[in-house]
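Read the structure below first, then the notes.
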Amino acid sequence: MFRSKLLLSPLVAAWLTSACDDDRQFTDAQGYYCSDWKGYLCDTAVSDWGYSFQEEADIIENCCATCSSNGSGCQDDPTFLDAQGYPCVDWAGYSCFRGASEWDYSVEETKDILKSCPNTCQSCPYDTEGDECADNYFFSDAYGYTCGEWFDYDCNDAVTDYGYNEQEMHYILANCGYSCDSCGYADDLDCKDNNDFVDQDGYNCDDWHGYDCDEADDVWGYSDQGKQDVFDNCPLTCETCESGFDDNDCMDDKEWQDEYGYYCMDWYGYKCENAVSKWFYSIEGELDLLRQCSKTCGTCSPEGRDLEWNLEGECKDNPSFSDDQGYGCKDWEGYYCIDAVSKWYYSNSGMADIFGNCPQTCGTCGLSGCRDDPTYVDEFGYACNDWRGYVCTDAVSDWDYSPEGQAEIVESCKGSCGECDDLDPNCANDYDFLDAQGYECSEWEGYDCNTAVSDWGYSQGEMEDILMACKRTCKTCDLEPEEPEQEFLDFAGFKKLCSKLENKQDCLFYGCTYNKNKTKCMMKKQNKVKCKKIKDPFTCALIGCTPPAAEGKKCKGTPFEFEE
């Protein structure tokens, strides 16, 4: 429908606070965030969407703001189609307030959406015509937010709480009189822009913020009159008068797009320094992002500029670095930095710090030597670390990859594919195995499987199961299984086995007696157990009988006569 948001997730301001807040980290029993419930009635989770009553209660408790705005008193018009043919439900996950500023709707068309889809748009209390004055629907602030998105917040806190500078707050107060309760704000200023002005290319004064108005003709192709109109109507933005505002010379390049096509405003709420480690950007792509989006990325300050230096300078670990859990770069040797969040409970920013300070250890120094390419993603979307414990050369035969895709995996993921450790390429984990505590083989990566008993509370037998099932991860490819000692089942054990069988067919298959009056499987006396009645060869052997020599033969012998 619209240009996709960063990483397929709509941007949400991290600073939302009110008496009734959503828990931004909460995910419900089906994996949805509070924002995914926008436009849906939370109290229909049980009746319409298959949740339990407790799960519905959890949604209502943790998504208070969203569920409240979705209340029954604020309903969408189910027959409404907007000017581009979309019903209300198609606006879920998007800001209806951006209709005019971002999605090419007219002001009246935007108002129609807000009035017809108040539940989805969360615009029930919003007066589209304003009270004493109306909002400028074409306006969007330095981070891309429109006036309506400021409706529940104090615009006067834009500098102190939300990272705007004074001039940017001025634009918000001047353009959003209704939402900010700032009607007449700009009337008392000697230096002010015409908030109703739209230049020959359709831009407002605020859109010129951070650009040189004097370049309107030479760089942007405006006519002489068009350029003069910009100067006449935008004196504050064009700096032709004394505004008294401190702009800090820290601005994003609004026209710039990163290597995946996103604008600076799309990065608001995300860590730009995670571009390589989390979003698979190139080193050069992250460096460009930090430079072009200096306001959004926070690289205006000396501390922020250190991020750029780290990417530009010599590729080496920071010897004085200590991560969020007190570990230095050397402590990460032999581990995968990209597992910091998923496996070691670091925050995303904490993982970014590790990558930024430990490029040698984390493998982001030009990828020399035998190591994984931490930025590589295969044709099905998996990173190199997802291949640890699997046989990369089976990608075609077992996982339906193309031959070219398999070759890329082997080349890009040398560490995970075992080439750096000289592993037998045919040595594989049991992909279906779960150990006694419920962990897969891949979750033993970075641990010594031989310490399962001493460090992690497993029994000796449970550790041996891990060593045998997770040969690639545990590097036990040459380990052969020991022949198990023959175990037997005495009458008490056999009696217990019978009591656990629930249907007649299984009961008779194992040689037990089925009581049709009590509808239960049982075996009262030892002398009633007959080898010939047991059809399961394994059970036949367990109780001391002789298993059938061939298919169609019967179990023979006398039960429970075990040799010492």
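Quick note: the coordinates plus some simple rules give every number you see, no bench work behind them. Just so we're clear, the structure is a prediction, and the values are computed from it rather than from any experiment. As a convention, Cβ positions derive from the backbone with ideal geometry for all residues, glycine included, and neighbour counts pool all protein chains shown.
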Inset, instruction - Taking amide H positions as placed in the peptide plane 1.01 Å from N, state which residues far from residue 335 in sequence (5 or more) or on other chains have amide H under 5 Å from it. - result: none
Inset, instruction - Using only Cα atoms, find the angle between the long axis of helix 283-292 and the longest principal axis of the chain, and express it within 0 to 90 degrees, rounded to the nearest 10. - result: 30 degrees
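Report the relative contact order of region 429-484, percent, no decimals, based on alpha-carbon pairs under 8 angstrom and at least 6 residues apart.
35 percent
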Legend entry - Segment residue 218-residue 46, extension gain: residue separation times 0.36 nm, minus the distance between their alpha carbons: 55.8 nm
Legend entry - Relative contact order %, the chain, counting alpha carbon pairs below 8 Å whose residues are six or more apart: 6 percent
Inset, instruction - State the Kirkwood hydrodynamic radius of region 6-233 in Å, one decimal place, computed from all pairs of distinct Cα atoms. - result: 19.3 Å
Inset, instruction - Using only Cα atoms, find the angle between the long axis of helix 53-62 and the longest principal axis of the chain, and express it within 0 to 90 degrees, rounded to the nearest 10. - result: 30 degrees
Legend entry - Karplus-derived 3J(HN,Hα), 6.51/-1.76/1.60, for each residue of region 110-123, Hz, glycine and proline x: 5, 4, 4, 5, 4, 7, 8, 10, x, 5, 5, 7, 6, 10
Inset, instruction - Could you tell me how many degrees, from 0 to 90 and to the nearest 10, lie between the Cα long axis of helix 491-500 and the main elongation axis, the longest principal axis, of the Cα atoms of the chain? - result: 40 degrees
Inset, instruction - Let me know the volume per residue of the alpha-carbon convex hull for region 429-484, in Å³. - result: 77 Å³
Legend entry - Ascending count of other beta-carbon atoms within 10 Å, so fewest first, for 529, 219: 219, 529
Inset, instruction - May I ask you to compute the full-extension gain from residue 53 to residue 488, defined as 0.36 nm times their residue separation minus their alpha-carbon distance, rounded to one decimal in nm? - result: 151.8 nm
Legend entry - Dimensions (Å) - the chain, Cα atoms, principal axes, largest first: 108, 63, 42
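Taking every eigenvalue of the Cα gyration tensor of region 435-535, multiplying by 5 and rooting it, what semi-axes result, largest first, whole Å?
With the √(5λ) rule applied to region 435-535, the semi-axes are 41, 15, 12 Å.
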Inset, instruction - Could you calculate, for region 367-416, the ratio of the Cα radius of gyration to the Kirkwood radius, expressed as Rg to Rh? - result: 0.93
Inset, instruction - Sort 127-138, 264-275 for me by packing, meaning the mean count of neighbouring Cβ atoms within 10 Å per residue, highest on top. - result: 264-275, 127-138
Inset, instruction - Using a 10 Å cut-off on Cβ atoms, rank the peptides 250-262, 407-419 from the highest mean neighbour count down. - result: 407-419, 250-262
Inset, instruction - Identify all lysines with a Cα-Cα distance to residue 535 below 26 Å; exclude those on the same chain that are fewer than 8 residues away in sequence. - result: 495, 496, 500, 504, 516, 518, 520, 524, 525, 553, 554, 556
Inset, instruction - Please list the radius of gyration and Dmax for region 485-564, considering alpha-carbon atoms only, with Å as the unit. - result: 12.2, 40
Inset, instruction - Report, in debye and to the nearest 20, how large the dipole of region 459-522 comes out about its Cα centre when Lys and Arg carry +1 and Asp and Glu carry -1 on their Cβ. - result: 780 debye
Legend entry - Distance from region 372-420 to region 326-362 (C-alpha centre basis), Å: 22 Å
Inset, instruction - Estimate the FRET efficiency between residue 506 and residue 190 by the formula 1/(1 + (r/R0)^6), using the beta-carbon distance for r and 60 Å for R0, to the nearest 0.05. - result: 0.05
Legend entry - Ranked list, fewest to most other Cβ atoms within 10 Å of each Cβ, for 497, 81: 81, 497
Inset, instruction - Grab the other residues whose beta carbon is less than 12 angstrom from that of residue 154, score K and R as +1, D and E as -1, and report the net. - result: -4
Legend entry - Fully extended contour minus Cα-Cα distance, from residue 131 to residue 250, at 0.36 nm per residue: 39.4 nm
